[in-house]
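Have a look at the structure below, then the notes.
The values are calculated or read from the model by the stated rules, or taken from the named source; none is laboratory data. Quick caveat: nothing in here was measured; it's all calculated off a predicted structure. Please note: Cβ atoms are built from the backbone with ideal geometry, for glycine as well, and neighbour counts cover all protein chains shown.
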């Protein structure tokens with residue numbers, strides 16, 4: 001999945017904004033609270049509908065929406081969700097939600113929209129509206145606070161890892177198997193009461209089979225009588241058939257007589273028609289021969305048409321090259337004459353380097369001042385926190401009174417006063433130190449502002465010198481281009497003259513060759529017409545011969561038909577009386593048929609009685625089979641329940657432990673690799689413990705994570721986050737996400753650590769990486785930078801054009 005654009009309307013602090021997402025590494029930077037994280041919430045809401053509706057919709061807005069444009073495997077999609085405030089409550093408005101796929105807009109409800117998005121992304125997950133996407137949460141984007149919670153709490157972290165890598169599925173399988181086993185045994189108990197009448201059904205089946213045997217014997221006797229009646233009927237039917245065939249033969253001879261008469265008549269008329277058509281074809285052939293005699297047989301020139309075309313093309317190309325080269329020279333000459341450069345253009349490049357060096361120096365001073373200031377802010381905060389705790393202690397001491405509320409002993413007032421005075425002095429000292437630190441922080445802020453202004457001035461001067469240096473470079477190139485164009489123009493003119501002379505042409509080479517080409521084309525066109533006339537003459541001669549041959553054949557056929565007429569009349573005399581024979585045979589066949597129907601009726605009655613017995617056999621047989629089947633099903637279900645209880649549950653628990661161990665080993669190897677890339681200190685190493693917790697040791701001594709620097713903690717969190725992403729993308733077949741989103745991934749990183757971030761991200765092979773951070777140092781490691789700011793409670797984003805190095 002690749003994100004392309006996000007449109008937000010009244011989503012948190014975003015009133016009406018459109019944010020584009022280019023490919024590569026993109027940084028969204030800005031102050032805390034500027035609205036950076038709201039962008040990520042908008043993406044997740046548009047895709048899956050996640051997030052509390054009340055917190056997503058701007059406080060004073062009645063309607064809001066998030067529209068995300070993205071692509072999967074090169075296919076583009078657009079998905080939109082709408083929030084609406086009604087009667088003080090905020091919820092999704094399904095009427096405004098839709099998805100655009102293959103250019104077609106399809107309105108969908110909130111739950112249907114999530115199902116469709118999961119199908120498009122090929123995330124095989126629970127489509128319920130309130131179910132989180134495990135794949136998106138751990139393979140694409142994990143919020144900063146959620147990652148901190150995973151690392152800080154052993155139980156939360158272990159459950160998250162089991163959920164992310166599907167290990168919890170085995171525990172669910174064990175629970176489900178116990179539930180299934182219970183339901184199977186319940187069903188088996190029901191089946192036990194459903195085959196109690198099995199033996200009675202078997203006895204009834206036996207009686208019905210005996211009755212059917214007796215009925216079958218009577219049917220066989222009736223069938224013998226029916227067979228005798230059928231044979232008598234068949235003999236009568238055969239006599240009727242033979243008489244009918246004689247009548248049919250007589251009818252056929254009558255038809256043959258009419259056909260012969262028609263052949264004799266049509267043969268004569270057809271022969272006359274073909275002779276007329278032959279004469280017409282011969283006349284057409286004579287006209288084509290006359291036209292052929294007027295077409296010339298010799299070409300207008302000894303030079304072939306292809307050679308003329310080749311010469312014309314060469315001359316035209318030489319003429320174009322001559323004119324193009326002359327125009328190019330004139331253009332270059334004007335550019336050199338019109339370019340007006342200032343006096344200091346020659347030294348512009350040196351001034352660019354000086355300004356760049358000055359900017360780097362001032363930025364180092366700013367970074368140092370900010371680092372010191374952040375330490376002072378942290379110290380002042382700790383002092384104020386300590387003072388606040390002491391004040392709470394004083395209030396608790398003052399509430400005690402004369403006796404201890406726990407043991408009911410009298411409190412030493414003198415000792416209490418001494419403790420209160422000591423705490424008051426400590427509070428006074430902490431407040432004074434915090435106030436002094438605030439003054440130092442203010443001084444550092446003022447110094448940083450001054451240095452920022454100096455950097456801005458140096459950047460402006462650097463930009464001006466870069467533009468001037470570029471113009472100087474273009475000016476020198478234009479002079480060289482002008483000289484090259486002059487040489488090319490002279491050469492093209494000489495080549496045009498040489499080529500015209502070599503073909504023996506005059507002042508208008510193109511015109512002469514064009515006229516020669518047209519004359520040759522007319523000649524070739526006439527030759528094509530001549531070949532067509534020859535084919536026409538040949539075809540008409542053949543058609544005339546064919547018509548004359550057909551006329552002769554038709555005359556001969558008419559003569560033969562006349563000879564057949566006498567033979568047909570003689571044969572018809574031998575079939576007189578055929579109709580009378582057919583009528584007698586028909587009377588005899590009807591009598592035999594009535595006898596056969598009578599026997600068949602008695603046979604049908606006997607068969608109906610047999611069917612009744614067979615129906616009872618089927619009914620009792622089905623009852624027996626059903627009871628037997630239910631008994632077998634009862635026994636089979638008992639076997640299944642035993643297998644689930646005795647084998648499946650134990651096997652699932654063993655597989656769960658093996659999968660967890662294998663996952664931890666692979667997780668540890670990948671985590672070590674990423675951690676080593678971020679922390680370039682051979683004395684330190686980090687690994688993953690049995691509960692998937694990160695452990696750090698230095699020179700073989702394990703370190704407490706709570707007392708590590710902010711940069712080290714962030715490195716561990718980032719390595720952990722990227723390890724989850726890498727393993728999920730490799731282990732889940734349905735995941736084809738080229739997208740990675742990181743929220744404040746480098747909080748507390750040093751410059752040396754920041755320099756390694758880009759290499760680590762590029763090593764992941766993600767087509768699109770989106771970083772959200774308030775750390776401006778990440779600008780130099782991103783392909784694209786967007787600055788998020790908030791003014792008047794409304795967030796906005798602007799693309800930052802990176803300076804050319």
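The sole residue among 76, 114 that is at pLDDT 80 or above, touching a helix residue (DSSP H, G or I) at 6+ places or on another chain (Cβ under 7 Å), within 30 Å of residue 723 (Cα to Cα) and assigned by TED's automatic domain parsing to the domain that holds residue 708 is 114.
Of 453, 429, 498, all but one fail to be free of Cβ contacts under 8 Å to residues at least 24 places away in the same chain, part of a helix (DSSP H, G or I), in the same structural domain as residue 349 (by TED's automatic domain parsing) and under 30 Å from residue 309 (Cβ atoms); the exception is 498. Of everything listed in (1) touching a residue at least 12 places away in the same chain (Cβ under 8 Å); (2) within 30 Å of residue 303 (Cβ to Cβ), the single unmet condition for residue 447 is (2). For the range 701-729, the set of residues classified as loosely packed, with under 14 Cβ neighbours inside 10 Å and at pLDDT below 85 consists of 704, 706, 707, 709, 710, listed by residue number.
Scoring residue 196 on the criteria (1) under 30 Å from residue 729 (Cα atoms); (2) not in a helix (DSSP H, G or I) leaves a single failure, condition (1).
Being within 23 Å of the chain's Cα centre (by Cα), within 23 Å of residue 37 (Cα to Cα), modelled with pLDDT of 85 or more and surrounded by 14 or more Cβ atoms within 10 Å (Cβ to Cβ) is a description that applies to residue 741. If a residue must be closer than 30 Å to residue 507 by Cα and surrounded by fewer than 13 Cβ atoms within 10 Å (Cβ to Cβ), how many such residues does the range 274-306 contain? The total comes to 5. Of all the listed residues (788, 757, 772), the sole one being buried (at least 21 other Cβ atoms within 10 Å of the Cβ), part of a helix (DSSP H, G or I) and in contact (Cβ under 8 Å) with a residue 60 or more places away in the chain is 757.
Elements of the type strands (runs of 3 or more DSSP E) sitting completely within the range 46-110 and holding at least 3 residues that are over 24 Å from the mean Cα position of the chain (by Cα) and at positive phi: there are none. For the condition outside any helix (DSSP H, G or I) and either on the phi < 0 side of the Ramachandran plot or in contact with a strand residue (DSSP E or B) (Cβ under 6 Å, 6 or more places away or on another chain) (or both), residue 295 qualifies. Here residue 785 qualifies as at pLDDT 85 or above, assigned by TED's automatic domain parsing to the domain that holds residue 147 and over 30 Å from residue 659 (Cα atoms).
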